[in-house]
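Asks: Below: one structure in structure tokens.
Quick note: the coordinates plus some simple rules give every number you see, no bench work behind them. No experiment lies behind these values; they were computed from the predicted model shown. Every residue, glycine as well, gets a Cβ built from its backbone with ideal geometry; the counts of neighbours run over all protein chains shown.
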């Protein structure tokens, strides 16, 4: 375990550092295993420390977040496609029954919220729910297992829960925000959407105040989506990391009850993100 060779603060920092690929500028001094050297020219490389990852700036890519989110998305697509191809008539059993329960659950919720004709909304809600649930579920894997396995292949940083990275949650929230704008303009036109922002909830003479309030509310939607998911999952990850620093007998005493409780959190957060997406898109369709 990393905790056997690192101090507690170093251990926590190590587990909260993403596998980052980015560009270091010319003249940057890199420090690795007690040795330092200065880069003669700008270089794209993997970060060797949390500080290097921060110094790479906005254009850096978190390879572990990208890799795990894509892999879990493919797992979702392939498993549901397999069930669709092998579905049988009559009473479903096994994994087919589980998948049909999820589909029926999301479909019922979408029908109760979204009262317009759009065949893409229910599949979107299903995709968001299952994909985020799978990402959240990685938080139940013991914190040292995959990072220690990655070290055998020379990878020193590995965060396996994409939703504990605000870049991932913000990316999904921005995608939802783009859909909100698209359907708002498609259903109401540019003028109708602009009028909706400018002439409510106060009378028309209060246009500046209306516009300010409505823009704040509009922008708050993706921000709240991103930060709610990120905050809950990041907090859960921190609890697991702190528990892993305790003596072995306390680890199992505390981690098992927390993991059982955390199942509720990971499911609830996936459901909230999915349902709020449907709610926001229903609002985009509604005319005020």
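Asks: Normalised by the number of residues in the range 62-285, what is the relative contact order in percent for Cα pairs under 8 Å and 6+ residues apart?
Replies: Averaging sequence separation for qualifying contacts and normalising by length gives 30 percent for the range 62-285.
Asks: Under 1.5 on a/c is rounded, so check that first for the range 46-150, then, if it is not, pick prolate when a/b is larger than b/c and oblate when it is not; a ≥ b ≥ c are the square roots of the alpha carbon gyration tensor eigenvalues.
Replies: prolate
Asks: Would you calculate the separation in nanometres between label points at residue 248 and residue 279, each defined as 7 Å from the Cα along the Cα-to-beta-carbon direction?
Replies: 4.7 nm
Asks: Rounded to the nearest 10 degrees, what's the angle between the helix 63-86 long axis and the longest principal axis of the chain, both from Cα atoms, 0 to 90?
Replies: Approximately 60 degrees, to the nearest 10.
Asks: Let me ask something else. Please identify, among 44, 205, 258, the residue showing maximal mean-square fluctuation in a Gaussian network model of the chain using a 10 angstrom Cα cutoff.
Replies: 205
Asks: Additional query: Return one quarter of the surface area of the convex hull spanned by the alpha-carbon atoms of the range 1-85, equal to its mean projected area, in nm².
Replies: Value for the range 1-85: 8.1 nm².
Asks: Specify the residue with the greatest mean-square fluctuation among 228, 159, 85, computed from a Gaussian network of the chain linking alpha-carbon atoms under 10 Å apart.
Replies: So, out of 228, 159, 85, the one fluctuating most is 85.
Asks: Taking the beta-carbon count within 10 Å as an exposure proxy, list 148, 52 from fewest neighbours to most.
Replies: Least crowded to most crowded, the residues run 148, 52.
Asks: Expressed in nm to one decimal, what extension gain is obtained for the pair residue 209 and residue 151 from 0.36 nm per residue of sequence separation less their Cα-Cα distance?
Replies: Between residue 209 and residue 151, full extension yields an extra 15.3 nm.
Asks: While we're here: Hey, what angle do you get for helix 94-113 against the long axis of the chain, alpha-carbon based, 0 to 90 degrees rounded to 10?
Replies: 50 degrees
Asks: Right, here's the next one. Taking the structure as given and computing volume of the Cα convex hull per residue in Å³, which label from (i) 191; (ii) 132; (iii) 112 fits?
Replies: Here the calculated entry is (i).
Asks: Further, regarding this structure: What is the gain in length, in nm to one decimal, between residue 23 and residue 91 on full extension, counting 0.36 nm per residue of separation less the C-alpha to C-alpha distance?
Replies: Length difference between fully extended and current span is 18.9 nm.
Asks: Please compute the length gained on full extension between residue 223 and residue 235, using 0.36 nm multiplied by the number of residues separating them and subtracting their Cα-Cα distance.
Replies: 2.5 nm
Asks: Something else now. Using only alpha-carbon positions, what ratio does the radius of gyration of the range 146-288 give when scaled by 2.2 N^0.38 Å?
Replies: Normalised Rg, Cα atoms only: 1.46.
Asks: Using only the alpha-carbon atoms, how far is helix 207-244 inclined from the longest principal axis of the chain? Give it as 0 to 90 degrees, nearest 10.
Replies: Taking the Cα atoms of the chain, the angle to 207-244 is about 40 degrees.
Asks: For the chain, modelled as a GNM with alpha-carbon contacts under 10 angstrom, which of 179, 250, 72 fluctuates the most?
Replies: Checking each option, the largest mean-square fluctuation is seen for 250.
Asks: Order 5-14, 229-238 from most to least packed using the mean count of other Cβ atoms within 10 Å.
Replies: With the highest mean Cβ count within 10 Å placed first, the list reads 229-238, 5-14.
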